[in-house]
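Reading through the structure tokens given below for one structure.
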Amino acid sequence: MATQTLADWTVSLSYSDLPEEVIHAAVRSFYNIAGCIIGGSKHPATTIAHNALSPFSGPPTSHLLGTNTSTDAMHAALFNGIASHVHDYDDTHLDTIIHPTGPVACALLAIIPTLSHPVSGTEFITALVAGIEAECKIGRAVWPEHYDVGWHITSTTGSIGAAVAVAKVLALSAERVAHAIGLAATQVTGLREMFGSHAKSFHPGRAAQNGLVAALLSREGFTSSVEALEAKRGWGNVVCSGGNRLEEEIGGLGEVGRWEIVRNAFKPFPCGIVVHPVIDGCVWLHRELKRVGVDVADVEEVVADVHPLVLELTGKTTPSDGLEAKFSVYHGGAVGLLLGKAAPAQYEDDVVLDGRVVALRARFRAVPDENLRADECHLVVKVRGGAIIEKHVDYAVGSLERPMTNEQLTAKFVDQCIGILGEERTDRASRWCWGLEGQADVGRINGVL
């Protein structure tokens with residue numbers, strides 16, 4: 001009954017059902033992803049996709065954030081979705097490492113301008129929450145086996161979350177929502193083998209597009225299995241052969257203390273989240289070395305004790321470009337220690353190939369330690385002459401224990417957007433996004449974002 005339970009909950013959910021902490025988390029999630037989409041709008045991956053596919057687009061109904069361009073809803077969902085994830089700077093649901101907001105928000109931003117009626121900020125938030133809760137609950141039901149075998153869980157669940165969100169703004173009946181869920185579930189997208197290439201960002205873009213297709217087909221009467229999630233040969237059993245917890249997780253939708261969006265975290269660094277403790281510690285060590293008058297050139301070795309998952313996910317020792325560097329704990333640590341920061345600029349190809357960065361990466365040694373959590377690390381810097389400086393990071397900035405503040409999120413937004421939108425438009429876009437709850441028509445974003 002998981003499929004129908006999710007469909008019924010989606011239809012019944014109203015803005016008044018959302019606790020204040022959920023609304024707060026939804027606004028922060030949207031604010032963060034809007035900055036990520038704008039920040040990724042000029043990336044080569046986004047540009048290549050646009051150049052390759054725009055000749056086949058339809059009437060321009062939907063805005064591409066960070067540009068002066070619109071395209072049809074299907075391509076807008078894809079292009080904005082690619083941009084949202086290409087810097088690996090988007091949000092993370094820490095219990096499943098799903099990046100949930102991109103597929104859902106990009107599908108919503110694509111469909112809303114095509115509607116004959118305005119969609120208010122509160123309606124948008126309700127749909128956004130519905131989609132994020134759906135994908136994260138489904139993700140919890142198959143975590144970690146589904147991810148371990150090689151699926152990119154952001155997109156495999158994101159298609160379903162996007163379908164739920166679009167179905168909500170289309171006001172589909174519970175029966176039609178169930179069919180939309182099935183149509184999204186059958187479009188399973190995303191292999192972890194693609195990490196470090198353009199294809200990784202294609203995954204959430206395709207998930208947004210898949211969910212949009214599913215909801216629109218269902219609106220017109222296109223059918224699917226209404227047991228698509230839980231059936232013997234349905235989504236859950238096919239993508240997680242070891243069993244799943246769909247009934248339990250879906251059954252907990254909307255329960256007090258079980259809202260998934262409040263467990264959504266935001267990245268201060270544009271790379272795999274398991275690298276963040278190392279970067280956080282190395283940024284501290286950069287300041288400490290300056291304080292005691294030690295030049296980074298005098299560092300002989302950096303030993304990073306990390307959870308084994310860090311090396312499994314981000315063990316690239318010699319990344320060849322910025323995309324590969326996002327999966328290199330060695331690069332993240334090196335730029336943190338050498339430059340004192342790790343923003344998108346520190347993941348550009350020229351920085352990845354810079355001789356000083358390459359040399360420092362070679363002096364990093366990551367040691368797996370099963371006694372450490374994935375969000376914890378211990379760093380030891382050995383300096384020429386015998387001095388040793390240590391730093392233990394219990395929780396990195398951006399974790400649920402040390403969440404980014406609104407001020408930090410604003411600084412991140414501005415850093416991504418100002419070079420694309422300019423100062424005045426960036427300020428206007430920032431204020432518009434923070435004011436999402438009070439917007440009368442979210443479809444009127446052209447010229448703002």
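On the stretch given as the stretch 222-249, residues that are among the basic types (K, R) and on the phi > 0 side of the Ramachandran plot total 0.
Which residues, counting only those in the stretch 312-332, are open to solvent by 30 Å² or more (accessible area, probe 1.4 Å) and either among the charged types (D, E, K, R) or farther than 24 Å from P344 by Cβ (or both)? Answer for the stretch 312-332, where residues must be open to solvent by 30 Å² or more (accessible area, probe 1.4 Å) and either among the charged types (D, E, K, R) or farther than 24 Å from P344 by Cβ (or both): E312, K316, D321, E324. Specify the residue that is farthest from F413 (Cα to Cα); the eligible residues are those in the stretch 269-305 that are outside any helix (DSSP H, G or I) and in contact with a Phe, Trp or Tyr (Cβ under 9 Å, 6 or more places away or on another chain). Per the stated criteria, the residue is E301.
Across the stretch 350-373, not a single residue is classified as among the polar types (S, T, N, Q) and crowded, with 20+ Cβ neighbours inside 10 Å. Apart from one condition, A26 fits all of (1) outside any helix (DSSP H, G or I); (2) touching a Leu at 6+ places or on another chain (Cβ under 8 Å); (3) not basic (K, R); the exception is (1).
Within the stretch 119-140, can one find any residue that is open to solvent by 10 Å² or more (accessible area, probe 1.4 Å), among the small types (G, A, S), in the same structural domain as H198 (by the TED database) and free of Cβ contacts under 8 Å to residues at least 24 places away in the same chain? Taking every residue of the stretch 119-140 in turn, none turns out to be open to solvent by 10 Å² or more (accessible area, probe 1.4 Å), among the small types (G, A, S), in the same structural domain as H198 (by the TED database) and free of Cβ contacts under 8 Å to residues at least 24 places away in the same chain. Answer yes or no: is there a residue in the stretch 51-60 that is in a helix (DSSP H, G or I), crowded, with 24+ Cβ neighbours inside 10 Å and touching a residue at least 12 places away in the same chain (Cβ under 8 Å). Within the stretch 51-60 (the criterion being in a helix (DSSP H, G or I), crowded, with 24+ Cβ neighbours inside 10 Å and touching a residue at least 12 places away in the same chain (Cβ under 8 Å)), the answer is no, since none of the residues qualifies.
Of the candidates T67, T101, the single residue that is surrounded by fewer than 21 Cβ atoms within 10 Å (Cβ to Cβ), in the same structural domain as R206 (by the TED database) and modelled with pLDDT of 95 or more is T67. Cβ-Cβ below 8 Å, separation at least six or inter-chain, first residue in the stretch 279-301 and within 11 Å of L379 (Cα to Cα), second of a type in the set (V, I, T) and surrounded by fewer than 20 Cβ atoms within 10 Å (Cβ to Cβ): which pairs? That search, which allows pairs on different chains as well, returns L285/I389.
Residues that are touching a Cys at 6+ places or on another chain (Cβ under 6 Å) and closer than 30 Å to G182 by Cβ: does the stretch 45-67 have at least one? No, there is no match, as no residue in the stretch 45-67 is touching a Cys at 6+ places or on another chain (Cβ under 6 Å) and closer than 30 Å to G182 by Cβ.
Of the residues G419, G386, the single one that is more than 21 Å from F269 (Cβ to Cβ), surrounded by fewer than 20 Cβ atoms within 10 Å (Cβ to Cβ), free of Cβ contacts under 8 Å to residues at least 24 places away in the same chain and not hydrophobic (A, V, I, L, M, F, W, C) is G386. Just one of the numbered conditions (1) assigned to a loop (DSSP other than H, G, I, E, B); (2) exposed (fewer than 14 other Cβ atoms within 10 Å of the Cβ); (3) of a type outside the set (S, T, Y) is not true of E424: (1).
Checking L183, L94 one by one, the residue that is closer than 29 Å to R402 by Cβ, open to solvent by 10 Å² or more (accessible area, probe 1.4 Å), in contact with a Leu (Cβ under 7 Å, 6 or more places away or on another chain) and not aromatic (F, W, Y) is L94 and no other.
For the subset of the stretch 282-297 comprising residues that are within 13 Å of G340 (Cβ to Cβ) and among the hydrophobic types (A, V, I, L, M, F, W, C), which member is most open to solvent (accessible area, probe 1.4 Å)? Across the stretch 282-297, the extreme among qualifying residues is W284. Just one residue in the set G196, G205 is at pLDDT below 95, in the same structural domain as Y15 (by the TED database), within 26 Å of I82 (Cα to Cα) and touching a Leu at 6+ places or on another chain (Cβ under 6 Å); that residue is G196. Pairs linking a residue in the stretch 210-237 that is in the same structural domain as T154 (by the TED database) to a residue that is open to solvent by 60 Å² or more (accessible area, probe 1.4 Å) and modelled with pLDDT of 95 or more, with Cβ atoms under 7 Å and 6 or more positions apart or on different chains, are S224/T186; A228/T186; E230/E247; A231/S225; G234/S225; G234/E227.
Under 19 Å from the mean Cα position of the chain (by Cα) and closer than 20 Å to D88 by Cα - does that describe any residue in the stretch 347-363?
yes
Residues of the stretch 249-268 that are closer than 29 Å to H392 by Cα and open to solvent by 20 Å² or more (accessible area, probe 1.4 Å): V262, R263, P268. The set of residues in the stretch 199-229 being open to solvent by 40 Å² or more (accessible area, probe 1.4 Å) and of a type in the set (D, E, K, R) consists of R206, R219, E220, E227.
The values are calculated or read from the model by the stated rules, or taken from the named source; none is laboratory data. Just so you know, these numbers come straight off a predicted model, no measurement behind them. Neighbour counts are summed over all protein chains in view; Cβ atoms, including those assigned to glycine, are modelled from backbone coordinates with ideal geometry. Only protein heavy atoms, including side chains, enter the accessible area calculation; ligands, DNA and RNA are left aside. Shrake-Rupley method; radii C 1.70, N 1.55, O 1.52, S 1.80 Å.
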